[in-house]
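Visitor: Supplied in structure tokens, the structure appears directly below.
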Amino acid sequence: MGVSQRSGGSASRPFVTTPYDASGAEVVSVIPARGPCWSAGSPCRIRRHHRRKRKTGPPWGWVHVVRCVTHRRAFTIYPPGHVPYGREPLVELAPDGGELGQPAPSTQEAASPSLFAAARAAAEGVRWPREGAPSSVGGVRTTQRRHIARAADLLGLAEEKTRTPSASVVAGVTGLAEGELVEVAAGLASSSDLLAWGHAVARVVGRLRARVGRALMDRLAVLGHLAGLWGRPYRWLARTGRLLALGRAFWTSESSGTRRRARVGRVRSRVNDIGPRDPP
């Protein structure tokens, strides 16, 4: 199973990650001054449009949809760690984009674990229960298996998946060794063991985190875009007033409705175009 089964127009729409302020009684999103529609001769004027309810995703149950008055375009702004169509965050981050600390009762008490929590548990030899149990943090066994499969898809470790990024693309975006990714994928191809898959995914994520640090989410957002799972990812740098187009070097502009493909030949030499190692 892929990270998302969305395709076509909805999966090609750009999205923006921006801080959400959850320090007060009410969660407030930080509205970017620029959107994906911005150009030097035609500045954006962005306003909040409405809250879109989500049963899964951010623990407060909604994300903001904003509209650029200048260009008459709307787009969704997501809190750090989240992506379109995601039932759970890809990476566990605080609403403002910082490291996740002690949960605030009003905002994060019921937060879902990240997509990779299932792999971490399996790597430690933990299988989630077959049926719901109050002590189960992440979910039941089928949920754990689904999360591990989605994570493997995103990292290019599921060889038979048509929407999985190739090992060369994953290596270019992440800086990990292509040969190692190929070897891991080959080993998993003949295995259906939950713990083996969890251990492999957790090992790859651990090495990626050690390499890119707090820019892990940026790399994953680019990989999902190149796999056609969601549109072009942007991140609003509130402190500097910049809109960062993540992974600009890794996509090509093609006709509407056509899946974007990576320029694999140039991908390794321009890894740093993804963005800074530390968020603002």
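The values are calculated or read from the model by the stated rules, or taken from the named source; none is laboratory data. Bear in mind that the values here come from a model prediction, so they are computed numbers and not experimental data. Positions of Cβ are backbone-derived with ideal geometry, glycine not excepted, and every protein chain shown enters the neighbour counts.
Visitor: Hey, could you check segment 35-52 for residues that are assigned to a strand (DSSP E or B) and among the charged types (D, E, K, R) and say which is farthest from the chain's Cα centre (by Cα)?
Guide: Out of the qualifying residues, it is ARG47.
Visitor: Kindly indicate whether PRO58 is within 30 Å of THR164 (Cβ to Cβ) and modelled with pLDDT under 95.
Guide: The answer is yes for PRO58.
Visitor: So which residues in segment 24-44 are in contact with a strand residue (DSSP E or B) (Cβ under 7 Å, 6 or more places away or on another chain) and either without any contact (Cβ under 8 Å) to a residue 60 or more places away in the chain or of a type in the set (S, T, N, Q) (or both)?
Guide: Selection gives VAL28, SER29, ILE31, CYS37, CYS44.
Visitor: Condition test on GLY139, is it assigned to a loop (DSSP other than H, G, I, E, B) and either free of Cβ contacts under 8 Å to residues at least 40 places away in the same chain or over 23 Å from PRO95 (Cβ atoms) (or both)?
Guide: yes
Visitor: Write out, first by first residue and then by second, each pair whose Cβ atoms fall under 6 Å of each other, whose residues are 6+ apart or on separate chains, and whose first residue, in segment 185-199, is under 12 Å from ASP153 (Cα atoms) and touching a residue at least 40 places away in the same chain (Cβ under 8 Å) while the second is among the β-branched types (Val, Ile, Thr) and surrounded by 20 or more Cβ atoms within 10 Å (Cβ to Cβ).
Guide: Listed pairs, sorted by first residue: TRP197/ILE148.
Visitor: Quick one: how many residues across segment 162-178 are part of a helix (DSSP H, G or I), in contact (Cβ under 8 Å) with a residue 12 or more places away in the chain and surrounded by fewer than 18 Cβ atoms within 10 Å (Cβ to Cβ)?
Guide: First, the residues of segment 162-178 that are part of a helix (DSSP H, G or I): 167-174, 178.
Remaining after also requiring in contact (Cβ under 8 Å) with a residue 12 or more places away in the chain: 167-174.
This time we only want the ones that are surrounded by fewer than 18 Cβ atoms within 10 Å (Cβ to Cβ), so: 168.
Final tally of qualifying residues: 1.
Visitor: Now for a separate question. Within segment 53-95, which residues are of a type outside the set (A, V, I, L, M, F, W, C), over 18 Å from PRO14 (Cβ atoms) and not in a loop (DSSP other than H, G, I, E, B)?
Guide: Scanning segment 53-95 gives a single hit, LYS53.
Visitor: Moving on. Scan segment 6-28 and give yes if some residue there is at pLDDT 90 or above, of a type outside the set (D, E, K, R), outside any strand (DSSP E or B) and surrounded by fewer than 16 Cβ atoms within 10 Å (Cβ to Cβ), otherwise no.
Guide: Within segment 6-28, none of the residues are at pLDDT 90 or above, of a type outside the set (D, E, K, R), outside any strand (DSSP E or B) and surrounded by fewer than 16 Cβ atoms within 10 Å (Cβ to Cβ).
Visitor: In segment 190-204, is there at least one residue being among the hydrophobic types (A, V, I, L, M, F, W, C), over 16 Å from VAL126 (Cβ atoms) and crowded, with 20+ Cβ neighbours inside 10 Å?
Guide: Among the residues of segment 190-204, at least one is among the hydrophobic types (A, V, I, L, M, F, W, C), over 16 Å from VAL126 (Cβ atoms) and crowded, with 20+ Cβ neighbours inside 10 Å, which makes the answer yes.
Visitor: For segment 96-136, what are the residues that are in a loop (DSSP other than H, G, I, E, B), under 25 Å from VAL27 (Cα atoms) and modelled with pLDDT of 55 or more? Working first, answer last.
Guide: Start the filter on segment 96-136 by keeping residues that are in a loop (DSSP other than H, G, I, E, B), which leaves 96-98, 100-116, 124-136.
Those left that are additionally under 25 Å from VAL27 (Cα atoms): 96-98, 100-115.
Of everything in segment 96-136, those that are in a loop (DSSP other than H, G, I, E, B), under 25 Å from VAL27 (Cα atoms) and modelled with pLDDT of 55 or more turn out to be ASP96, GLY97, GLY98, LEU100, GLY101, PRO113, SER114, LEU115.
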